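These notes are about the structure you will find just below.
The values are calculated or read from the model by the stated rules, or taken from the named source; none is laboratory data. From a predicted model like this one, the values you see are computed outputs, not experimental measurements. Neighbour counts are summed over all protein chains in view; Cβ atoms, including those assigned to glycine, are modelled from backbone coordinates with ideal geometry. Calculation scope for accessible area: heavy atoms of the full protein, side chains included, ligands and nucleic acids excluded. Shrake-Rupley method; radii C 1.70, N 1.55, O 1.52, S 1.80 Å.
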2 protein chains.
Amino acid sequence: LLTHLPIDDRAVQYGDGLFETIAVRAGRPRLWSWHMNRLASGCERLRLDMPNPDRLLARTLDAVQQAKVNQQYCLVKILLSAGSGQRGYGRTAEIRPRVLVGVFAATPQPKKHYQDGVNTLICDTRLASGSPTAGLKTLNRLEQVLARSECAESDCFDAFTMDAEDNIICGTMSNVFFVHGDTIHTPRLDQCGVRGVMRSWLVENLPAHGFDMQQRRLPKSELPDIDEVFLANSQFAVLPVRRCGDRTWSVGRITRKVMALLREHDVVEGP
Amino acid sequence: LLTHLPIDDRAVQYGDGLFETIAVRAGRPRLWSWHMNRLASGCERLRLDMPNPDRLLARTLDAVQQAKVNQQYCLVKILLSAGSGQRGYGRTAEIRPRVLVGVFAATPQPKKHYQDGVNTLICDTRLASGSPTAGLKTLNRLEQVLARSECAESDCFDAFTMDAEDNIICGTMSNVFFVHGDTIHTPRLDQCGVRGVMRSWLVENLPAHGFDMQQRRLPKSELPDIDEVFLANSQFAVLPVRRCGDRTWSVGRITRKVMALLREHDVVEGP
């Protein structure tokens, strides 16, 4: 099992690669095909060879079986590096991508996070707009690192980043959904941000189950008028937001319906 | 000597770190204090502890002495990683930065590059604007990797990237200077791009030596009216540009004066 990367690896040098963070529940990687779809679109954008998903699944299950963690409930990180190459930004023809698979212990969210919601803030760190890798889970994650350090200084669960025009884009480790009346809005991620797999699942499945769903720009100025807010990520699935800065919400009707839908589809934990 | 990074290192996972690429000429790192200044401002922005520059110099000279390359003429890469930490974007209090020092062989530019200039193009890859790490040499370099792959498909020496508003920002591995009449313009790098040390040297020293120098936005539409173009980076110092797309130039009077100034200050090679 590969545990170290050489200094000339392009993941080390330039963040030239992609990653996936996958929840293992009841011993199985959850939303596997969604993770593979995102990895494939990342490979296409970065012009890397997509690993064979079946072999990657076999390797993932093998890594879980060898891991000294709760193998029924843990987290797998797949890291795809562009591989070693000569110094310089250009990839040489001979480089071969490297795949690392790491297995980590995972801790379920406290029940009260699902029941009462979590606290958030809007952070000062802005996301750059017009990124050629917008939406992808690349190894270039300094914006999230900087935003996360602001979040850590508060005692908030997550922090929202905005673009330069005060549009809310993402949490540092989650995607965000705003309910207004009967409509669920989630920020468009064509300029910046990360398209989480749980977000993709919701964007595809919510309309099919009768929810009104829109992707659009979400200026911070609309926050006071929003009725419910919830977060989504691959690990905790969906969590209600109780507070963002001064604004507070109780856990809303639509948020509960979304959480119930996830439970029906066996993609959620929590009460 | 550290040659590998563990998978949980934050440089590997998030590109959480910085680097410097330093020219060694006559056995000495060139523009050392400029590299240290940039590294320090990067550390401040990323909230990393700046390594002691004297110890870093000792380690650099030691690495050069042990390297199986031409020790008089080579290239040192210093990579500062935020270190290993728990999974997740947040840095834990206990993490300790890691410093890697690599020494690589360097090849002087052909004389004709200095005499006749080099070919360039404007590439399709755009730089994101409003980056919280604009100007810094962080380990998040996917934009340059993507731009460089366009450059490699041409037979150009370097390729210019633009922001979304068609302003020319940087070469993939160089900064760019445009001469109009007697004035030298170089793009502002407050929204994106990398502030090269050779650029910083020129921005500080050219006005002191009677050159008229401006940092400003440089829209592509001005290119036809430009009289001379030159590139700067820490390795080749200054190179004239002979061509960008359809537009061609001969090596100009101001460019020659800048190259002469660098020779006077012993920071250039070439004829």
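Listing for the model above:
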{"quantity": "Matching option when the condition is within 14 Å of chain A (Cβ to nearest Cβ) and in contact with a strand residue (DSSP E or B) (Cβ under 7 Å, 6 or more places away or on another chain), among B:213, B:162", "calculated": "B:162"}
{"quantity": "Matching residues in region B:177-227 - criterion: being in contact with a Phe, Trp or Tyr (Cβ under 6 Å, 6 or more places away or on another chain), closer than 23 Å to residue B:116 by Cβ and either exposed (fewer than 15 other Cβ atoms within 10 Å of the Cβ) or in contact (Cβ under 8 Å) with a residue 40 or more places away in the chain (or both)", "calculated": "B:177, B:184, B:226"}
{"quantity": "Yes/no for residue A:235 being within 14 Å of chain B (Cβ to nearest Cβ), more than 17 Å from residue A:123 (Cβ to Cβ) and in contact with a strand residue (DSSP E or B) (Cβ under 9 Å, 6 or more places away or on another chain)", "calculated": "yes"}
{"quantity": "Selection status of residue A:24, farther than 20 Å from residue B:139 by Cβ, surrounded by 17 or more Cβ atoms within 10 Å (Cβ to Cβ) and touching a Leu at 6+ places or on another chain (Cβ under 6 Å)", "calculated": "no"}
{"quantity": "Options A:89, A:14: the member that is within 26 Å of residue B:82 (Cα to Cα), touching a Ser or Thr at 6+ places or on another chain (Cβ under 8 Å), among the hydroxyl-bearing types (Ser, Thr, Tyr) and surrounded by 22 or more Cβ atoms within 10 Å (Cβ to Cβ)", "calculated": "A:89"}
{"quantity": "Of all residues making up region A:70-86, the number that are surrounded by fewer than 17 Cβ atoms within 10 Å (Cβ to Cβ) and under 25 Å from residue A:105 (Cβ atoms)", "calculated": "4"}
{"quantity": "Enumeration of residues in region B:32-47 that are under 19 Å from residue B:196 (Cα atoms) and open to solvent by 20 Å² or more (accessible area, probe 1.4 Å)", "calculated": "B:32, B:33, B:34, B:37, B:38, B:40, B:41, B:44, B:45"}
{"quantity": "In region B:81-119, the residues that are touching a residue at least 40 places away in the same chain (Cβ under 8 Å), within 12 Å of chain A (Cβ to nearest Cβ) and aliphatic (A, V, I, L, M)", "calculated": "B:82, B:95, B:99, B:100, B:101, B:103, B:106"}
{"quantity": "Region B:4-31 - residue that is assigned to a loop (DSSP other than H, G, I, E, B) and in contact (Cβ under 8 Å) with a residue 12 or more places away in the chain and, of those, nearest to the other protein chains (Cβ to nearest Cβ)", "calculated": "B:15"}
{"quantity": "Tally, over region B:84-122, of residues that are modelled with pLDDT of 95 or more, in a strand (DSSP E or B) and not aliphatic (A, V, I, L, M)", "calculated": "2"}
{"quantity": "Some residue of region A:157-175 being crowded, with 21+ Cβ neighbours inside 10 Å, modelled with pLDDT of 95 or more and among the charged types (D, E, K, R)", "calculated": "yes"}
{"quantity": "Scope region A:48-69; condition in contact (Cβ under 8 Å) with a residue 24 or more places away in the chain and either within 14 Å of chain B (Cβ to nearest Cβ) or surrounded by fewer than 14 Cβ atoms within 10 Å (Cβ to Cβ) (or both); matching residues", "calculated": "A:48, A:49, A:63, A:66, A:67, A:69"}
{"quantity": "Candidate set from region A:120-156 (those that are within 7 Å of chain B (Cβ to nearest Cβ) and among the basic types (Lys, Arg)); member that is most open to solvent (accessible area, probe 1.4 Å)", "calculated": "A:126"}
